[in-house]
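Everything on this sheet refers to the single structure shown next.
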Amino acid sequence: MLRLLIADDERVIREMIHDLIDWNSLGIEVVGLCKNGIEAYDMVLDEYPDIVLTDIKMPGLSGLELIQKVSELNQNIQFIILSGYGEFEYAKEALRMGAFDYLLKPVEEEGLTAILERYIEIREKKRKETDTEEEMDSSVRDSRVKKIIEEINQRYTEKISLGDLADGCGLSIGHLSTLIKKETGQSFSEYITGKRMEDAKKLLCREELSIDDIADMVGYHDYFYFTKAFKKYMGMSPSMYRKNL
């Protein structure tokens, strides 16, 4: 449900606007009625409404000053300005400052409802566009990481680095590392080590191959490093594993 704040220094107008339309039917909750700009700003900090419906002239902070202060919060809060016929220049200034729209007093149900419905329509359209973009981005990321996993599966016995793979697909090392772990359940180094060790286990069944040969075949060009890595992976040395076959 969207949240809306009403600010006007005239109590009669505040209450009239509050009672003017069926807020629930629009999916809007009125979270506060404020009698001046300072009170409105304090309530913005407490409630962070989606919409502020505010008079252009109020004590403490004017509607324009309220827009300026709220804009500094970097929150996506939209303003609908209420102005009298003699305050049109202020209303135009509010629009230049990013206000969503303005209404001339006296406020009528039809005019206010039309503005709110337009705001809701635009907001919903942006939300759908954002969702679509996120889905597309997710699809692109999934496609990239699947290609990278395929490349690792083809080249895991070679000397490949996460940095080289990241450069090749235009991702940061940290981001690619996260995607690989999400896809495989393992870190980059764990995944490569696992592939190499599973190959080593199969090759150890072939008595004609020395352990040194096997180490080289699975991508380890240092016998002692291979032995250490195998023992960490299997809990025993390659020679002990072969003996137990």
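The values are calculated or read from the model by the stated rules, or taken from the named source; none is laboratory data. Bear in mind the structure is a predicted one, so any value in this text is a computation, not a measurement. Glycine gets a Cβ as well: all are built from the backbone with ideal geometry, and neighbour counts include every protein chain shown. Accessible surface is based on the protein model in full, side chains and every heavy atom, while ligands, DNA and RNA are left aside. Shrake-Rupley method; radii C 1.70, N 1.55, O 1.52, S 1.80 Å.
Ligands, DNA and RNA left out, the accessible area of region 1-137 computed with a 1.4 Å probe is 47% carbon and sulfur. When the listed pairs 201/231; 159/228; 195/232; 57/125; 182/228; 159/201 are checked against a 23 Å cut-off, the alpha-carbon distance exceeds it for 57/125; 182/228. In a reduced charge model with +1 at each Lys and Arg Cβ and -1 at each Asp and Glu Cβ, the chain shows a dipole moment near 1880 debye about its Cα centre.
The residue list 188, 203, 217 was ranked by how far each Cα lies along the charge dipole of region 178-219 toward its positive end, using unit charges on Cβ atoms, and 188 comes out on top.
Here is the list for region 112-178: GluC sites (Glu not before Pro) lying in DSSP coil, each with at most 14 other C-beta atoms within 10 angstrom of its C-beta, are 158. Ligands, DNA and RNA left out, the accessible area of region 165-245 computed with a 1.4 Å probe is 52% carbon and sulfur. Look at the Cα gyration tensor of region 1-74: its axes a ≥ b ≥ c give a/c of at least 1.5 with a/b at or below b/c, and that counts as oblate.
Applying 1/(1 + (r/R0)^6) with R0 = 30 Å to the Cβ-Cβ distance of residue 69 and residue 25 gives a FRET efficiency near 0.45.
Using the 1.4 Å probe convention, the accessible area of the chain works out to 59 Å² per residue with neighbouring protein chains retained.
Taking label positions 7 Å along the Cα-Cβ direction at both residue 175 and residue 208, the computed distance is 4.9 nm, reported to one decimal. With a Förster radius of 25 Å applied to the beta-carbon distance between residue 88 and residue 12, the computed FRET efficiency rounds to 0.65. Extent along the principal axes, Cα only, for the chain: 98, 31, 28 Å, with the longest axis given first.
Computed extension gain for residue 142 through residue 126, at 0.36 nm per residue and net of the alpha carbon distance, reaches 3.4 nm.
Please give the Cα centre distance for region 111-156 versus region 169-232, rounded to the nearest Å. Answer, in whole Å: 35.
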